[in-house]
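Below is one structure, written out as structure tokens; comments come after it.
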Amino acid sequence: MEYRVIEIFSSIQGEGEVIGVPSNFIRLATCNLRCVWCDTKYSWEKGELISIEEIIKRLDKTLPATTITGGEPLLQNIVPLALAIKEMGQRIVVETNGTIKPHEELRKIVDVFSVSPKLSNSGHKIAYNFTDDWATYYKFVILYTRKDLEEVVRFVEENGIRKDKVIVQPDGNRKDYEIALKELAEAVMDLRLPFRVLPQLHRIISFR
């Protein structure tokens, strides 16, 4: 079986609950969204067709985890790929925008579903349905601090998701990233919100 791939590399996980974990990354090609602030627009391309065998060959077997990301990885059937990675004994993280629900078979294989629902600041208005709360955690990009946080609160209430699963992070494109992170942290405290504030580690430390 072959997959459309943009790149395969290893690095430190930069965000979410798995922040700081050394990981392989498989960036699959194409996306069903076009977020205005997307920092991986190159993943919208068609990519290169690569077989499962070749993908596995390129992974660092000494690392504890492999992250399947995009683009939107669930546009492709990643069950066979996930099974092959699991046979290596690695944890599997799938980063998805949450517009496509994973099949039950995939849910049994994947260890972490890092889901990034898009707020209106992305340029999209999406009718999500997380009533079964299938994500491991939900990660929101915040551009307009108070306005976006209020939208996150509404999102959580409307979808009935657990507040302790919610992570908020500042816009990674801001040049004054540390200030943006401080502003977000202060707003979360002022509004008495139970959400976790986490940075994108790769915005603070330059690595790959």
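Provide the per-residue ³J(HN,Hα) series for the range 118-124, in order, calculated from phi with Karplus coefficients 6.51, -1.76, 1.60 and θ = phi - 60°, each as a whole number of Hz, with x at glycine and proline positions.
9, 7, 5, 5, 7, x, 10
Where in the chain are the DSSP H helices whose C-alpha atoms run 27 Å or more along the long axis and whose mean Kyte hydropathy is at least 0.0?
Numbers: long enough: none.
Counting only whole DSSP H runs, no helix qualifies.
Using a cut-off of under 16 Å, list every residue of the range 72-95 whose amide N is near the label point 7 Å from the Cα of GLU17 along the Cα-to-beta-carbon line.
91-95
Report, ordered by chain and residue number, the aspartates and glutamates lying within cross-link reach of LYS163, taken as a straight Cα distance under 16 Å and ignoring same-chain residues fewer than 8 apart.
Leaving aside aspartates and glutamates fewer than 8 places away in the same chain, those within reach of LYS163 are GLU17, ASP132, ASP133, ASP148, GLU150, GLU151.
For the range 128-198, build the convex hull from the C-alpha positions and give me its volume per residue in Å³.
Given the Cα convex hull of the range 128-198, per-residue volume reads 82 Å³.
Along the Cα→Cβ direction, 7 angstrom out, place labels at ASP60 and TYR177. What is the inter-label distance in nm?
Taking the two extended label points, one gets 1.9 nm.
Return the calculated 222 nm mean residue ellipticity for the chain, to the nearest 500 deg cm²/dmol, obtained by summing -39500 (n - 2.57) across DSSP H runs with n ≥ 4 and dividing by the residue count. Numbers along the way, then the final one.
Working: 6 runs with 55 residues, N = 208.
Calculated from helices alone, the mean residue ellipticity at 222 nm is -7500 deg cm²/dmol.
Tell me which cysteines of the chain come out unpaired when the rule is another cysteine's Cβ under 4.7 Å.
That list is CYS31.
Please report how far the C-alpha centroid of the range 37-63 lies from that of the range 90-166, rounded to the nearest whole angstrom.
That distance is 23 Å.
Across the Cα atoms of the chain, what radius of gyration and what greatest pairwise Cα-Cα distance (Dmax) are found, in Å?
Gyration radius and largest Cα-Cα distance of the chain: 16.8, 51 Å.
Over all alpha-carbon pairs in the range 54-160, figure out the percentage whose distance exceeds 23 Å.
Details: 1949 of 5671 pairs.
Tail of the P(r) past 23 Å holds 34 percent of the pairs.
Report the dimensions of the range 1-115 along its three principal axes from the alpha-carbon atoms, largest first, rounded to Å.
Here the spans come out as 36, 31, 28 Å, largest first.
Equivalent ellipsoid semi-axes for the range 1-52, as square roots of 5 times the alpha carbon gyration tensor eigenvalues: give them largest first, rounded to whole Å.
20, 17, 8
Coordinate-derived values only; no laboratory data. What you see is a predicted model, and the numbers here were worked out from it, not measured in a lab. Cβ: placed from backbone, ideal geometry, glycine included. Neighbour counts: every protein chain shown.
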